[in-house]
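Presented below is the structure to which this report refers.
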Amino acid sequence: MHPEYELMRPDGVNNQMYRFDISVHDQVAEAVLATLPQCHGCYPDMIITGNSIEMQNWSPNIQADYVQKLNDRAKGVPVVTATDATAAALKTLGAKRIAVLSPMSEENSKSAQAYYEGIGFEAPYGTWLEVKESIDIIKVTVDQILDAFQRNNHEDVDTFLHVGGALGMVSMIDELEQKLGRPIVSSNAATYWYAMRKHGITDTRDDLGKLWTMDEVVD
C-alpha cells in the first residue's frame, strides 16, 4: 500500500505508515484495532485503515460496530476504512451492478460480493486469484490481473471493483478503464481518494481513472 499511497499523495500531505499483523487472515480486524493506538505517535490529522475487511465474512452491522471500535481508539481523529471508502467511491460513480475481484480465495470474493449486495449494489459476478498466503501477493503478474478483469467483463456490469489493498494496481487503472470502457474502483485508489476528500483536499488527477477526476463524495 505504501508505494501506492505515495504515488497518489498531493503536495503538502505527509503519509506515515503503521503496519499490523496479517498472517492470520480471520484475525486482521483484531490486529488493526490493536495497532491503531500506535498511530497517535505521529500526531495524525486522519487515520486510514487500508485493508478490505469485507473479504472476511463481513456484514454492514459488523462494519458499523468495527468502525465504532476504531473511533473509540482514535481519540477524536477522523478514521477512514477501505471498506467505507470503496462503498463511497461506487456511489460517487453511480455504480449499480458490479463485478468483484479479490486476490485471495473464492470464499473471500463471495464474502465481498455479499457485503456489497448488503449495502444496495448488485454483485452477481466475482473472480479471484487464489493467492494462499499474503506474502505471495507480490508474485501476482500483470497478466494475471488483466485476465481476472477479462473474466469479470460481462456486458451487464457498469463498474468493476477490486478489493484487497495488498494487490497493487493503481498505475494500471487508467489504461484498464480505457480497455474495458467502464470505471474501476480499486481499493487503494478509492481509500486514498476518499480520505483526501473527507479532509477537504480536492486535488484531482487524470491518470488514475475516472474516480480521481471527481472532487466530491456522493454519500
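Values quoted throughout were computed directly from the atomic coordinates according to the rules given, and no laboratory measurement underlies them. Keep in mind that this is a model prediction, so the values were computed, not measured. Reconstructed Cβ throughout: ideal geometry from the backbone, glycine too, with neighbour counts over all protein chains shown.
The table that follows gives values for the structure above.
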quantity: Loop-located GluC sites (Glu not before Pro) in segment 169-219, at most 13 other Cβ atoms within 10 Å (DSSP); calculated: 216
quantity: Where Cα atoms sit under 20 Å apart: lysine pairs in the chain separated by 8 or more or lying on different chains; calculated: 9
quantity: Segment residue 57-residue 18, length gained on full extension (0.36 nm per residue, minus Cα span); calculated: 11.6 nm
quantity: Segment 48-92: trypsin sites (Lys or Arg not before Pro) in DSSP loop, at most 12 other beta carbons within 10 Å; calculated: 75
quantity: Relative contact order (percent, whole number), the chain, Cα cutoff 8 Å, 6+ residue spacing; calculated: 23 percent
quantity: Mean ellipticity per residue at 222 nm, deg cm²/dmol - from DSSP H runs of n ≥ 4 across the chain, formula -39500 (n - 2.57); calculated: -11500 deg cm²/dmol
quantity: Shape category assigned to segment 128-219 from the gyration tensor of Cα positions, a/c cut at 1.5; calculated: oblate
quantity: The chain - Debye-derived log10 I(q)/I(0), Cα point model, q = 0.16, 0.17 Å⁻¹; calculated: -1.11, -1.27
quantity: For the chain, size of Cβ-based charge dipole, Lys and Arg +1, Asp and Glu -1, in debye; calculated: 340 debye
quantity: Cleavage-rule hits (trypsin sites (Lys or Arg not before Pro)) in segment 113-219: DSSP loop, at most 13 neighbouring Cβ within 10 angstrom; calculated: 132
